[in-house]
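Worksheet: one structure, shown below.
The values are calculated or read from the model by the stated rules, or taken from the named source; none is laboratory data. Fair warning: this is a prediction, and the values are worked out from it, not measured in the lab. Glycine gets a Cβ as well: all are built from the backbone with ideal geometry, and neighbour counts include every protein chain shown. SASA here: full protein model, heavy atoms, side chains in, ligands and nucleic acids out. Shrake-Rupley method; radii C 1.70, N 1.55, O 1.52, S 1.80 Å.
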Amino acid sequence: MLKCSICINDERVTRILIIDGKPICKECKAYLEHPPNKEKIREELEEILRKVDKAIVAYSGGKDSTVALYLAKVKYGIDVEAVMVDHGFMASQAIENAKRIAEHLNVPLTIIKKDYSDIFREALLKAKSPCRKCSKRTMEILRKYAIEHGYRYIITGHELPFGHHPYRIMSGGVLQIRMLSMMSEEERLSILRELPFEFPELPGYTTNCLILGPALERYWEKHGYSFEHRRIAALVRYGLMSKEKALRKVEKPKVPEWQWRLVQEKLGIMIKPL
Ligand SMILES: [Zn+2]
């Protein structure tokens, strides 16, 4: 199987070309032809953040949004409200982390409970990724919340694996700011070490979601690779994560029986007999 010599993509996930005798994936080829300007992206982010006086932080209690919340409040001195949309399958440790971190940083925390069973049930039954639909719904809930409460900015713990701008204009004039654009894994971990953040043991390298592991396992069984593969490959390409760590993150997760049981019972489906 041909493997890209730059990132971790291989023939299972994308097309591999031979360029000057070396295997290179089509995404790395595009990257080499039009490299994004890292410095420029970080500068653009700084420039926007200087203008922000108050904002909501999309807070899942996971590690990336914790880093975003810390940076918004402490580094940039923004008047922030942490808003968590609980989709019904948040790990209890994530909710505990969220409460502990918000208290530590002296930030108000609002939890909005919603039911995403339809998205998760469909994803598991069809062995698809639930992440895009889940994230889209959450951003829409937050956008409405922002407008109702007079906020113009939503800060998120997103990185920038594709695209060239650290922000996105949403309808109603709300701006989403991707706080972790071009930030390395090591930089994130060094911030987390300073905070009372506890790493939960969950399959799928998530620090907050109980659906991701089972969804990855199902997808693996059907397709033979992780639906996170290309996103993680992009982090390697940008020099934000080591190849070794990335390869571990795209391995097939081992979901414990209790988690499969809980997820199936709550969704009322039976995929894996236990
Ligand atoms: Zn590549």
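Per-structure values
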{"read-out": "Leading residue by the ranking (nearest to LEU2 (Cα to Cα)) among those in segment 26-50 that are within 16 Å of the ligand (Cβ to nearest atom) and over 22 Å from the mean Cα position of the chain (by Cα)", "value": "LYS26"}
{"read-out": "Unique residue being surrounded by fewer than 16 Cβ atoms within 10 Å (Cβ to Cβ) and among the small types (Gly, Ala, Ser) when the list is GLY172, GLY204", "value": "GLY172"}
{"read-out": "Unique residue being part of a loop (DSSP other than H, G, I, E, B), more than 18 Å from PHE120 (Cα to Cα) and not hydrophobic (A, V, I, L, M, F, W, C) when the list is LYS272, LYS254, LYS245", "value": "LYS254"}
{"read-out": "The lone exception for GLU81 - which of (1) in contact (Cβ under 8 Å) with a residue 40 or more places away in the chain; (2) assigned to a strand (DSSP E or B); (3) in contact with a helix residue (DSSP H, G or I) (Cβ under 8 Å, 6 or more places away or on another chain) it fails", "value": "(3)"}
{"read-out": "Total residues in segment 65-94, condition at pLDDT 95 or above and either more than 15 Å from the chain's Cα centre (by Cα) or of a type outside the set (A, V, I, L, M) (or both)", "value": "20"}
{"read-out": "Flag if GLU11 is of a type in the set (Asp, Glu), under 30 Å from ARG121 (Cα atoms), within 16 Å of the ligand (Cβ to nearest atom) and open to solvent by 10 Å² or more (accessible area, probe 1.4 Å)", "value": "yes"}
{"read-out": "Lone qualifier among SER171, SER190 - being within 19 Å of ALA146 (Cβ to Cβ) and without any contact (Cβ under 8 Å) to a residue 40 or more places away in the chain", "value": "SER171"}
{"read-out": "Hits in segment 1-55 (condition: of a type in the set (A, V, I, L, M, F, W, C), part of a helix (DSSP H, G or I) and touching a residue at least 60 places away in the same chain (Cβ under 8 Å))", "value": "CYS28, ILE41, LEU45, ILE48, LEU49"}
{"read-out": "Residue that is least open to solvent (accessible area, probe 1.4 Å) [pool: residues in segment 134-156 that are in a loop (DSSP other than H, G, I, E, B) and in contact with a strand residue (DSSP E or B) (Cβ under 7 Å, 6 or more places away or on another chain)]", "value": "TYR151"}
{"read-out": "Residue within segment 108-117 that is of a type in the set (S, T, N, Q) and open to solvent by 30 Å² or more (accessible area, probe 1.4 Å) present", "value": "yes"}
{"read-out": "Count of residues meeting criterion [closer than 13 Å to SER129 by Cα, open to solvent by less than 20 Å² (accessible area, probe 1.4 Å) and part of a helix (DSSP H, G or I)] in segment 213-241", "value": "6"}
{"read-out": "Residue pairs meeting the criteria (Cβ under 9 Å; at least 6 apart or on separate chains; first under 18 Å from TYR205 (Cβ atoms) and in a helix (DSSP H, G or I), in segment 122-133; second at pLDDT 95 or above and of a type in the set (Ser, Thr, Tyr))", "value": "ALA123/SER129; ALA123/TYR219"}
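The rows are residues; the columns are (1) more than 30 Å from GLY77 (Cβ to Cβ); (2) polar (S, T, N, Q); (3) loosely packed, with under 13 Cβ neighbours inside 10 Å.
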position	(1), (2), (3)
LEU17	yes, no, no
PRO23	yes, no, no
GLU27	yes, no, no
TYR31	yes, no, no
HIS34	yes, no, yes
GLU43	no, no, yes
LEU49	no, no, no
ASP53	no, no, yes
